[in-house]
Structures are given as C-alpha cells and as structure tokens.
Amino acid sequence: MSDEDLSYEQARTELATVVERLEQGGGSLEDSLALWERGEKLADVCQRWLEGARDRIEAARAARTDQ
Amino acid sequence: MTQPTEPDKGPVKSTPDEPWPVRVVSQKIGAWIAKLGWVWVDGQVAQISRRPGSGVVFLTLRDPSADLSLTVTAHRDVLDAGAPELAEGARVTLHAKPEFYPNRGTLSLRADEIRQVGLGELLARLEKLKRLLAAEGLFARERKRRLPFLPGKIGLITGKGSAAERDVLMNARRRWPAVEFRVLHALVQGPGAVPQIIDALKVLDHDDTVDVIVIARGGGSVEDLLPFSDEALCRAVFGARTPVVSAIGHETDTPLLDYVADLRASTPTDAAKRIVPDLADELRLMEHARARLDRAVLGMIDRERQRIEAWRSRPVLARPESLIDQRAAEVTALRDRAGRSFEHRVRRADDDLRHTVARLRALSPAATLQRGYAIVQRPDGHVVRAADEVAAGDLLRIRLADGELQAAVKES
C-alpha cells in the first residue's frame, strides 16, 4: 500500500512506532536513517490529511453561509 | 279463504288483496305506541312554545349527545309546578307517555311531570361519568398519543368567528408561519353542540392530511362547557386515530374532554404554543447545533494537529543530526578510549621494554667487559667456557668491551 493510501490513523500509528524505535536507538545507522526518513514521510501524510479535513470544513462552511 | 279476524280489528294480516284502510293502520300504530307506557326521559329543552289561551305547552326535547329530538306536550300547570321559568337549553327529566295523533299521524310525548335538572345534579352526573370513564381506562396516560413535532396540517373545531378560533390561528401562525389549518365550525354550547363537534371530529380524523386535531372554545359558564364533558364526545375523542388537543375555557376549566384528550392545553392560545414549534427558537437551535458541530470537528483536528506537531518536534525527528551526533559522540568516545588504551598499552610496553632492557643490561656482560674481561665464542655462537670445547685452528670470536677480535686457537 503506497503511503498515499495510508489512512490518517494508519499513518499516525506507524509514526508513533517509528518515533518509539528511533528513541530506543540500537538500530544500525543505516536503519536509523531509514527510520527517520520514514518518520518524516509519515508526518507529512498526517499533516496533509489534517489540512485536507480543514479545507473540507471551510468549504462546507462557506457553502453554508451563501445558501 | 277469508282471514281470521280479531274482534273489531279487521283481518289480522293485511294482504295486497285485502289491504287495511288507513284508519285501521293508524289505529294499530296507536296501539303499538301505547305499548311503551310511561317512561322517565332525560333531555335538553331546545324550544318552548306556549300557545296563548290554550292550557297546553309544546316543548322540543333534544338528546344532548345525538341529533334526535321529540315533541313534548304538557299542561301548563304541570310545567309551572315542576319547572317554573323553564328556559331553552335547560336540562329536564320528565315522566311521559308516547301518544299518537291519528288525524295528522304525528307522535309526541305527553308529560304529566317535568323536573328541571339543577346544576348540582348535572355536576353530580358529570362526576359519576368521570369515575366511570376513568375506570374504563379512557384517561390512561399510556393510551395518550404523542403529538407530531411539526404537524403538516392542523384540524381545528371551534365556534365560527370565535375568539378561540382567532387565538389558535394567530398564535400558531406567529410561531410557525407555514402552518396549515383545516377549520370546521361547530356550535360550542347548548343543545346540538355535541353532535356537531363529534361530526367535525370524524371528518378531521378521516382526513389523512390532518396530523393533530384541536377542539377549542373560549371561557364560559359551567353550563356552557357541559357539552365538553359529554360521554359520547369523550368516547369519540378517545377513539380518534389522530391525536386530539383539548383547549376549552380558561386555565381553571377542566371538562372531561381534558382527561380524554391526548394533550390538555389550558387555553386556545396555549394550544397554539403546544402544537407548533417556534420557528425562531428552532432556527436558533439549528445555529447552536451547527456551532457545536464546527467546534467539535475543528477541535478534533486541532488536537490531532498538535499531536503530530508534538511527534514532529521530538528530537529524533526534529534533529536527525542528533542520531548522527549521538553516533559521532559514540565514535569519538570509542576513539578516545581506543586512543587512551592504546597509549596506555604503549606506555606499558615502553615500561616493559625499559624493564627488559634494564634487566638485559643487568645481565649483559658489558660491565664485565669493561673490567677487561672478554667473551670468547665459537663461530656457532657457543660461549667457550672450557679449553676442551675447542680445538687448535678453531676460529674464535673475542668480544671486548670495545669491539671484537677474530682469532684462531693455536693449541688447546
């Protein structure tokens, strides 16, 4: 499943795991870097979901006012 | 074959061939009617006509619940004795016998006693009826139907052009301008009121577009409101499919209709308030609901955003360098440790060396050589300690304090 198909909850849960593992440390440098990159990507996905949601509400409210 | 005949009554059976003359028929009718005999009758006086000069008074007596009436004749004395100043609309109980007047073929009751039913008596009857209906469960709360929140059409039974009609219509429209009414007018007091109200109720109840029926009437005397405690009306209201609102009289008036109806409004105006929501209130509620909706959703989004922000600001994500710094630090630490331990080892090695050298030197023959001794070795390095270890002509290596000599054995 590509990252874009991730639901908000899935992305958020995976992000939590990534942060946890990174904070535990212990992985190889290569792994840690890969984890970090994964974390950034997941955070972006979550952010996009939230911004999308906000836009939808704003649009609905705008539509509501000019009924 | 001739018919068997009763004495002076003509043939027993009338047949097309031997029909009875009118006089016989009317005489038989008279006989049949007389069979009822004396009865006590309860009814309401709709009309009184006193023929000047004749001792007879004619009354029209109506049934309070049904559209039926009978003519009553009574001698003036009977009337004056039993019910002086009898007025139209009064409730009477009379002792009478049905009489058939052959010449005009009319029927009427001849009363020999008339009693006016006083208000007390009427109210006592009402209480008795109330207990009866209650016992039958007509007042049971669980049988009451809920009113629709927003009725499509409201059925209204009230007096034509009455204040009650205006109150209900005006107040309802003020609250919900789009409300629709179907108004049926009926008498709201006196004889004939109950049947008209019941008829109107049936019409509105069968009208599927009507979602609630209001029976409304303004204030009035106890007698005026009596129709609204009528048993037939109460049973009709109880049996109606459509919810019924009773809005009779003032706050304090509670005719039996109030107990049977699905909702008791204290006044017609109160009824209007109870049957339609107030548009302005509803719009405000709508706004509140929307605002809470927005706050809830936006609140949730903000909380989630903060959560993501929080994660994002965690060092592992915010400053990935920290990962590298950490490792770099580890590496440096390791390197330092390595360096130190290396140094340490070198120093120790150095010490060892110096030690060994010192021991070497302590063991070394240099000092002895200094004192003039020399070390004699065979070419194979063997140090010669005895003469017999070598033979003449062997080569020797003689190491002196300073330098060394090559020599050969002359003789041993």
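The values are calculated or read from the model by the stated rules, or taken from the named source; none is laboratory data. What you are looking at is a predicted structure, and each value in this text was computed from that prediction instead of being measured. Cβ atoms come from the backbone with ideal geometry, glycine included; neighbour counts cover every protein chain shown. Quick note on the areas: whole protein, heavy atoms, side chains included, nothing else; ligands and nucleic acids left out. Shrake-Rupley method; radii C 1.70, N 1.55, O 1.52, S 1.80 Å.
Computed values, structure above
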| quantity | calculated |
| --- | --- |
| All positions within the range A:1-56 that are modelled with pLDDT under 85, among the small types (Gly, Ala, Ser) and in a helix (DSSP H, G or I) | A:32 |
| Single residue of the range B:311-329 satisfying the filter (open to solvent by 50 Å² or more (accessible area, probe 1.4 Å) and aliphatic (A, V, I, L, M)) that is nearest to the other protein chains (Cβ to nearest Cβ) | B:324 |
| Selected residue [exposed (fewer than 14 other Cβ atoms within 10 Å of the Cβ), under 60 Å from the mean Cα position of the chain (by Cα) and either assigned by TED's automatic domain parsing to the domain that holds residue B:86 or not β-branched (Val, Ile, Thr) (or both)] from B:39, B:22 | B:39 |
| Residue match in the range B:286-294 (condition: acidic (Asp, Glu) and open to solvent by less than 30 Å² (accessible area, probe 1.4 Å)) | yes |
| Criterion (more than 10 Å from every other protein chain (Cβ to nearest Cβ) and either acidic (Asp, Glu) or within 15 Å of residue B:307 (Cβ to Cβ) (or both)) met by exactly one of A:4, A:51, A:20 | A:4 |
| Among residues of the range B:287-310, those that are more than 7 Å from every other protein chain (Cβ to nearest Cβ) and within 26 Å of residue A:17 (Cα to Cα), counted | 8 |
| Qualifying positions in the range A:23-32 - open to solvent by 50 Å² or more (accessible area, probe 1.4 Å) and at the interface with chain B (Cβ under 7 Å from one of its Cβ atoms) | A:23, A:29 |
| Among (1) outside the structural domain of residue B:190 (by TED's automatic domain parsing); (2) at pLDDT 95 or above, the one test that residue B:170 misses | (1) |
| Subset of the range B:42-55 (residues that are open to solvent by less than 80 Å² (accessible area, probe 1.4 Å) and at pLDDT below 90) | B:54, B:55 |
| So residue B:187, is it more than 20 Å from residue B:272 (Cβ to Cβ) and part of a loop (DSSP other than H, G, I, E, B) | yes |
| Residues (touching a helix residue (DSSP H, G or I) at 6+ places or on another chain (Cβ under 7 Å) and buried (at least 18 other Cβ atoms within 10 Å of the Cβ)) located in the range B:234-252 | B:234, B:236, B:237, B:238, B:240, B:242, B:244, B:245, B:246, B:247, B:248, B:249 |
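Per-residue answers, yes or no, for (1) touching a Ser or Thr at 6+ places or on another chain (Cβ under 7 Å); (2) among the β-branched types (Val, Ile, Thr); (3) in contact (Cβ under 8 Å) with a residue 60 or more places away in the chain:
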position	(1), (2), (3)
B:60	yes, yes, no
B:65	no, no, yes
B:72	yes, yes, no
B:90	no, no, no
B:98	no, no, yes
B:105	yes, no, yes
B:121	no, no, no
